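Trainee: Next up is a structure, given as structure tokens.
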Amino acid sequence: MTEIVTEALTESVYFGIALTLLTYQAGLWIKKKVKLTVANPLLLSVIMIISILLAFEIDYDVYHNGAKYISFFLTPTTVCLAVPLYRQLDLLKKYPKAIFGAITAGVFTAMVSIYLMSLAFGLTHEQYVTLLPKSITTAIGMGISEKMGGIVTITVVSISITGILGNIVAESLCKICKIQDPIAKGLAIGTGSHALGTTKAMEMGEIEGAMSSLSIVVAGIMTVVAVSIFANFI
Amino acid sequence: MKFIKQLSIILSISFLAELMEELIPLPIAASIYGLILMLIGLITHIIPLEKVEGAADFLVEIMAIMFVPATVGIMTSVEALKQMLIPLVVISSLTTLIIMAVTGRTAQFIIRRGNKSAADPEESKGEGKA
């Protein structure tokens with residue numbers, strides 16, 4: 001009996017896909033119930049899947065055999081990020097100096113601070129490039145990490161920590177640093193903590209939300225260029 | 001059928017982007033080339049927004065699900081994770097605060113300086129409208 005189940009699992013493409021979609025929906029449901037940023041559906045789904053795989057001693061490859069078809073959509077979806085950016089083009093034309101100036105400063109700060117701290121911790125090149133794309137959206141960050149020879153899964157974890165923390169601290173950080181302008185708030189949140197922070201920016205106001213979502217893609221593209229330079233330093 | 005048409009545009013661009021990744025010797029992933037191709041297409045109206053937006057909005061909306069399989073892959077790199085757990089958490093957290101503060105303060109500085117010169121006609125003379 002168990003042999004039949006094991007064999008069916010190993011050959012099944014649908015097991016990984018079904019498990020991913022079901023746990024993600026469960027994650028969405030839990031998020032709705034508890035209303036906490038830490039209850040992120042992506043994180044909850046990953047925890048549930050890992051627990052299930054470990055509990056039933058199912059190999060990651062068995063899961064990945066089907067789940068890879070979900071990852072397959074990542075490239076076309078990243079291409080589609082051009083659509084929301086295109087819709088915000090008017091905003092970009094209205095405040096070009098503030099947007100490009102601030103995001104350039106943010107991306108440069110990201111590179112320098114990650115470089116210095118990696119140096120302080122004595123990280124290897126592989127670990128360093130794993131962390132370099134930590135502040136940008138997962139879609140672009142994963143691609144950078146892979147291209148540079150980083151550990152992609154750890155990059156995703158780092159991006160998640162960044163996003164969840166950004167979402168939690170955004171409001172108080174703006175207050176402490178006396179960032180009062182709604183445009184400046186949005187740029188800070190989107191550049192510092194990508195899509196997860198942006199959900200908080202959207203709650204703070206319309207301008208904050210729009211600026212934050214614009215920053216995700218602009219900061220992402222700038223980071224692609226910046227990482228290709230900074231990756232050579234360690 | 002509308003959805004199929006939209007998807008075929010999106011997937012064709014993705015394919016072109018993969019070709020670019022192969023041909024251009026830069027460490028840039030195909031998805032970035034694709035994003036830029038799509039943006040240029042939209043700006044030049046070679047790709048009208050309404051020819052892609054339905055499928056594009058749907059894909060972007062469900063994007064988070066697409067990160068699940070890769071993140072579950074952390075199972076296979078537990079050793080690597082253990083080796084860098086503390087730097088991972090410290091660097092991810094601290095840099096987030098620094099980046100936010102610098103970006104926000106820079107933006108505010110540029111905006112307020114712009115406002116000041118706009119309010120003062122002497123200074124704004126000869127300057128282009130921002």
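Trainee: Let me make sure I get this right: for region A:5-81, a, b and c are the square roots of the gyration tensor eigenvalues over alpha carbons, sorted descending. Under 1.5 in a/c it's rounded, otherwise prolate if a/b > b/c, else oblate. Which is it?
Mentor: Oblate, because a/c is 1.5 or more while a/b does not exceed b/c.
Trainee: Can you give the relative contact order of chain A as a percent, counting alpha carbon pairs under 8 Å and 6+ residues apart?
Mentor: 19
Trainee: Taking region B:32-97, how much of its Cα-Cα pair set, in percent, is spaced more than 15 angstrom apart?
Mentor: 72
Trainee: Kirkwood Rh and Cα-based Rg: tell me the resulting Rg over Rh for region A:171-234, rounded to two decimals.
Mentor: That ratio equals 1.08.
Trainee: Taking neighbour counts of Cβ atoms within 10 Å as a proxy for exposure, in what order, fewest first, do A:His64, A:His194, B:His45 appear?
Mentor: Ranked by crowding around the Cβ, least crowded first: B:His45, A:His64, A:His194.
Trainee: Continuing with this model, one more query. Cα atoms only: what Rg and Dmax, in Å, come out for region B:1-66?
Mentor: 12.4, 37
Trainee: Quick one: net charge of A:Glu208's neighbours, Cβ under 12 Å, K/R +1, D/E -1?
Mentor: Working: positive: A:Lys185, A:Lys200; negative: A:Glu171, A:Asp181, A:Glu203, A:Glu206.
Local charge sum for A:Glu208: -2.
Trainee: Here's another thing I want to ask about it. Can you tell me the 0 to 90 degree angle between the C-alpha axis of helix A:152-176 and the longest principal axis of chain A, rounded to 10?
Mentor: So the helix axis and the longest Cα principal axis differ by about 40 degrees.
Trainee: If you line up the long axis of helix A:96-121 against the longest principal axis of chain A, both from Cα atoms, how many degrees apart are they, to the nearest 10?
Mentor: 60
Trainee: To continue, here is another question. Taking only DSSP H segments of four or more residues, each worth -39500 (n - 2.57), what value at 222 nm results for chain A once the sum is divided by all its residues, to the nearest 500 deg cm²/dmol?
Mentor: The helix-only estimate for chain A comes to -27000 deg cm²/dmol at 222 nm.
Trainee: Using Cβ contacts closer than 10 Å as the measure, can you line up B:Ile36, A:Ile164 from fewest to most?
Mentor: Fewest to most other Cβ atoms nearby, the residues stand as B:Ile36, A:Ile164.
Trainee: Treat the count of other C-beta atoms within 10 Å as a stand-in for reagent exposure and order A:Cys177, A:Cys80 from fewest to most. Display every interim value, and only then the final one.
Mentor: Working: A:Cys177 17, A:Cys80 30.
Fewest to most other Cβ atoms nearby, the residues stand as A:Cys177, A:Cys80.
Trainee: Rg and Dmax of the protein assembly as shown, using alpha carbons, in Å: what are they?
Mentor: Rg, Dmax (Cα atoms, Å): 21.1, 87.
Trainee: Classify chain B from the C-alpha gyration tensor, please: rounded if a/c falls under 1.5, else prolate or oblate depending on whether a/b exceeds b/c.
Mentor: Numbers: a/c = 2.39, a/b = 1.18, b/c = 2.03.
Here chain B falls in the oblate category.
Trainee: Over the Cα atoms of region A:82-233, each weighted equally, I'd like the Debye log10 I(q)/I(0) at q = 0.09, 0.12, 0.13, 0.15 Å⁻¹, rounded to two decimals.
Mentor: -0.26, -0.46, -0.54, -0.72
Trainee: Against the longest alpha carbon principal axis of chain A, how many degrees, from 0 to 90 and to the nearest 10, is the axis of helix A:60-71 turned?
Mentor: So the helix axis and the longest Cα principal axis differ by about 50 degrees.
Trainee: Can you compute the helix-only [θ] at 222 nm over chain B? Use -39500 (n - 2.57) per DSSP H run of at least 4 residues, normalise by all residues, nearest 500 deg cm²/dmol.
Mentor: -24000 deg cm²/dmol
Trainee: Reachable lysines from A:Lys93, Cα under 23 Å, same-chain residues fewer than 8 places away excluded?
Mentor: In chain and number order, the partners are A:Lys185, B:Lys116, B:Lys125, B:Lys129.
Trainee: Using only alpha carbon pairs under 8 Å that are at least six residues apart, calculate the relative contact order of region B:1-66 and give it in whole percent.
Mentor: Numbers: 41 pairs, mean separation 25.0, N = 66.
So the answer I get is 38 percent.
The numbers here are math on the coordinates, done by the rules we state, and not lab data. Please read these numbers as outputs of a predicted model, since none were measured by experiment. Glycine also receives a Cβ, built like all others from the backbone with ideal geometry; neighbour counts cover every protein chain displayed.
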